[in-house]
Amino acid sequence: MADLWWIYSKPVPADGRELWTLFLQCSCITAVIGGLFYNWMFASLEYSWHLSVAMAISFSLLLLLTLLLVHPARCVFSMIMPTLGTKQGRKLLFSTCIMIAVVNIVPNIIGNIKTILQVIKCICKNSSDSLLNSTALLEKVSWEFGDAIQETIHSIHKPMNGHFRFSLLQNRSLIYQKMHLAGEKISREFLSAEILVKDSIQVANRLAAAFFMLYLCFESTWYLKNYLTNLRFDNFYITKKLEHLAMDRRAAHLLVGSSKKLIRPTGLKLSWEEAMLCLVQAMLVTVALMLMLVVVAMDHFAFSVADTAVRRAAQFSAVPVTLNIKYKVSAGVSCPALPFFGRPSEKLLLGDFNRTYHHHLILSSAHCRISPPTPPNPSVLLVVGLLFCILYATVFLETYARRLCRNIAASFFQSWEEKRVLYLYRKLSRRHRKE
């Protein structure tokens, strides 16, 4: 492995064997990266498969030529891998979490809300239908009541017609049509809003993912540029070269006295600044986790409400309605024009009308088309939980990832690393003399 890394990090291969080895190394790297790039575009960013394949092949070929011919590009690319463990890598993971939520969790929430709206629509349709049918009962009652009046009253006092007519039944089809059009309008608006939100978040996530990838490359390039131009940049480590230099000049006490300010790149010790940075980043990840938990809780809440609505709607029984009519009236007839006869007023009694009518208001029906509620996908929750575990891991591994970036740059530019070590040694010597 040391020999392979030596060949990979050399500016120019020494012979044909090293050139062939470097080509095989670059080919294996580009094949793996191309496969990951295709999966990222197709599965996470939801591009079409042919576009993903074309982009993955083009990217792999370009990467192969770049790694094979440009030595600093190999260094930058090698530093991109540990840079994924820094805040830039966390931004890509955040982008992936958002895309998973958009593709899987948000449509599930919207589907369960649609189920609730279907239940409400079904109840409204059946209850209105039942109310319209109750007008037929009222017409029947009025007709029978009018017949009773016609039959019991003497023909000389009989009214022309005791019947009522209800014209509401004639507009039943119009009411159904208006209800259907209103439901279709709400469904179209709901669907258009769903598509607009999903497309907007998808486009924003694609732009953010592309920006984070470019910024990831920029950050690695920026680190290498500072490493090669600034001797003080990220130069506070007790490396083996520094130890050998101090031993050769018999100044090992410089490293012992500066142990509080210098750290070993392979050790687990964190400086105060590194520890505070880890704490701040962990708080930011926790805030993002809380927001994601809110979305997951909304998914569970929408499913719970939809499931309860469907089960309760199926258990709705018909509401009995009883119409009881009791009618009794007496009428007196007098003849004021013939007072001299002294005839008393004639009192007519109507027969009692006491009837009871029964009707049922139906709130739900088996003919309603209600899609079953969709429970939250446990695999999606598992993937999101795994990604956040990786996010928390990168918070505490970020410091070591930066140290790994420094070691990679040092292995690619060993002559410049010797200058940096010499600069740090002279700095420690001047500080020791002042103290």
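The values are calculated or read from the model by the stated rules, or taken from the named source; none is laboratory data. Note that the structure is predicted; figures quoted are calculated from it, not measured. Note that each Cβ is placed from the backbone with ideal geometry, even for glycine, and that neighbours are counted across all protein chains shown.
Some points to look at:
- Qualifying residue in the range 273-287 (condition: part of a loop (DSSP other than H, G, I, E, B) and either exposed (fewer than 12 other Cβ atoms within 10 Å of the Cβ) or at pLDDT 75 or above (or both)): no
- Test: SER429 is at pLDDT 85 or above, hydroxyl-bearing (Ser, Thr, Tyr) and assigned to a helix (DSSP H, G or I): no
- Each residue in the range 210-248 was checked for being more than 39 Å from the chain's Cα centre (by Cα) and of a type in the set (Gly, Ala, Ser), and 1 pass.
- Put simply, of PHE353, PHE396 the only residue that is within 42 Å of the chain's Cα centre (by Cα), modelled with pLDDT under 85 and among the aromatic types (Phe, Trp, Tyr) is PHE396.
- Qualifying residue in the range 86-105 (condition: within 37 Å of the chain's Cα centre (by Cα), modelled with pLDDT under 80, under 27 Å from LYS225 (Cβ atoms) and not in a helix (DSSP H, G or I)): yes
- Residues in the range 1-24 that are hydrophobic (A, V, I, L, M, F, W, C) and in contact (Cβ under 8 Å) with a residue 40 or more places away in the chain: 4 in all.
- Scope the range 312-330; condition surrounded by 11 or more Cβ atoms within 10 Å (Cβ to Cβ) and either modelled with pLDDT of 75 or more or closer than 30 Å to PRO372 by Cβ (or both); matching residues: ARG312, ALA313, ALA314, PHE316, ALA318, VAL319, VAL321, LEU323, ILE325
- Just one of the numbered conditions (1) modelled with pLDDT of 85 or more; (2) of a type in the set (A, V, I, L, M); (3) within 28 Å of the chain's Cα centre (by Cα); (4) buried (at least 16 other Cβ atoms within 10 Å of the Cβ) is not true of LEU22: (3).
- Residues that are among the hydroxyl-bearing types (Ser, Thr, Tyr), closer than 16 Å to PHE233 by Cβ and touching a Ser or Thr at 6+ places or on another chain (Cβ under 9 Å) within the range 400-433 are absent altogether.
- Helices (runs of 4 or more DSSP H) lying entirely in the range 1-72 (those with 1 or more residues that are farther than 27 Å from SER415 by Cβ): 16-39, 49-69
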